[in-house]
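K.L.:
Take a look at this one; I'll ask things after.
The values are calculated or read from the model by the stated rules, or taken from the named source; none is laboratory data. Owing to the predicted nature of the structure, the values given are computational and were not obtained by experimental measurement. Ideal geometry is used to build each Cβ from the backbone, glycine not excepted, and the neighbour counts take in all protein chains shown. Quick note on the areas: whole protein, heavy atoms, side chains included, nothing else; ligands and nucleic acids left out. Shrake-Rupley method; radii C 1.70, N 1.55, O 1.52, S 1.80 Å.
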Amino acid sequence: MARRKGLTFYQKKKRLNPKVIKDVLELLVGGLVAVFLAFVIIFSVGMRTSVIGDSMEPVLYNGQEILMNRIIYRLTTPKRGDVIVFLPNGNQNSHYYVKRVVGLPGETIQIRDGRVYIDGLLLSEDDSLDEMADPGIAQNEMTLAQDEFFVLGDNRNSSEDSRSGNIGAVKKDNIVGKAWFHMKTGDESIGLIE
C-alpha cells in the first residue's frame with residue numbers, strides 16, 4: 001500500500017452530544033415556562049385600563065394605558081401617596097378613576113389656602129403641585145370613616161376627585177386596585193408608577 005506524502009487531514013464526523021442537547025432543551029423549556037408563568041401571574045393579578053383626562057399629569061397622561069394590581073388591597077390597605085384605581089361610589093357604569101391617596105381612614109381633612117391639612121397639620125407635599133383654587137367639599141373639615149380614603153389628582157386644578165360632591169371620600173370596597181405600571185407611550189418605556 002502506498003502512503004501519501006504531505007499533509008493529510010482526517011475529517012472527524014461531528015456527533016451531537018446528547019448531554020448538550022438535553023441541557024439546551026431544558027434551558028429552552030425552562031425559559032418558556034418562566035415567561036408563561038410571568039404572563040399568567042401579571043395578567044391574573046393585573047388588569048389593564050386607560051387614564052381618562054389630564055388630572056394625573058405629569059405622572060400619567062390622557063389615554064395612557066396602565067396595568068393595575070387587583071390583589072394587593074385584599075392583603076393590605078392603601079397608603080398615602082399610592083395611585084389607586086376606583087369606581088366613584090361603586091358605580092359599575094362609570095369609567096375607572098385614577099387618583100392619588102392623600103387622606104387615610106380616621107383622619108380629618110381640610111383644604112385651606114389651596115393646601116391640604118390633615119388633623120390640623122399642613123400635609124408635606126411636592127412643591128410642584130399647584131395650590132387648589134377650589135377646595136370643594138373639603139373647605140370644611142371632613143372626618144374619614146374607617147373604610148374611606150381622600151384622593152386627589154396630581155394636576156390639582158384639573159381634577160374631579162374627593163373634593164367633588166359627586167365623588168367624595170372613596171370607600172375601600174370601591175377601590176379596584178393599585179396603579180402598578182404605565183405602558184409605553186411615545187418615547188417613554190414601561191415603568192413603575194410612583
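K.L.:
Among the residues of segment 80-97, count how many are open to solvent by 80 Å² or more (accessible area, probe 1.4 Å) and small (Gly, Ala, Ser). If you could, list the steps in order and put the result at the bottom.
P.N.:
In the first step, residues of segment 80-97 are kept if they are open to solvent by 80 Å² or more (accessible area, probe 1.4 Å); the result is 80, 89, 92-93.
Next, from what is left, pick out any that are small (Gly, Ala, Ser): none.
Looking only at that region, the number is 0.
K.L.:
Output the residues belonging to segment 57-68 that are crowded, with 18+ Cβ neighbours inside 10 Å and part of a strand (DSSP E or B). Please lay out each step first, then the result.
P.N.:
Taking segment 57-68 and keeping what is crowded, with 18+ Cβ neighbours inside 10 Å, we get 60, 64, 66-68.
Correct list: ILE66, LEU67, MET68.
K.L.:
I'm trying to understand the selection: among the residues of segment 119-136, which are touching a helix residue (DSSP H, G or I) at 6+ places or on another chain (Cβ under 6 Å) and among the small types (Gly, Ala, Ser)?
P.N.:
Scanning segment 119-136 gives a single hit, ALA133.
K.L.:
Among the residues that make up segment 65-77, is at least one of them closer than 21 Å to ARG163 by Cα and in contact (Cβ under 8 Å) with a residue 40 or more places away in the chain? Steps first, answer last, please.
P.N.:
Applying the first criterion (closer than 21 Å to ARG163 by Cα) to segment 65-77 yields none.
Among the residues of segment 65-77, not one is closer than 21 Å to ARG163 by Cα and in contact (Cβ under 8 Å) with a residue 40 or more places away in the chain, which makes the answer no.
K.L.:
Another one. Just one of (1) farther than 20 Å from GLY168 by Cα; (2) open to solvent by 30 Å² or more (accessible area, probe 1.4 Å) trips up ASP54, so point out which.
P.N.:
(1)
K.L.:
Can you name every residue in segment 69-97 that is in a helix (DSSP H, G or I) and β-branched (Val, Ile, Thr)? Steps first, please.
P.N.:
Filtering segment 69-97 down to residues in a helix (DSSP H, G or I) leaves 72-75, 88-90.
Correct list: ILE72 only.
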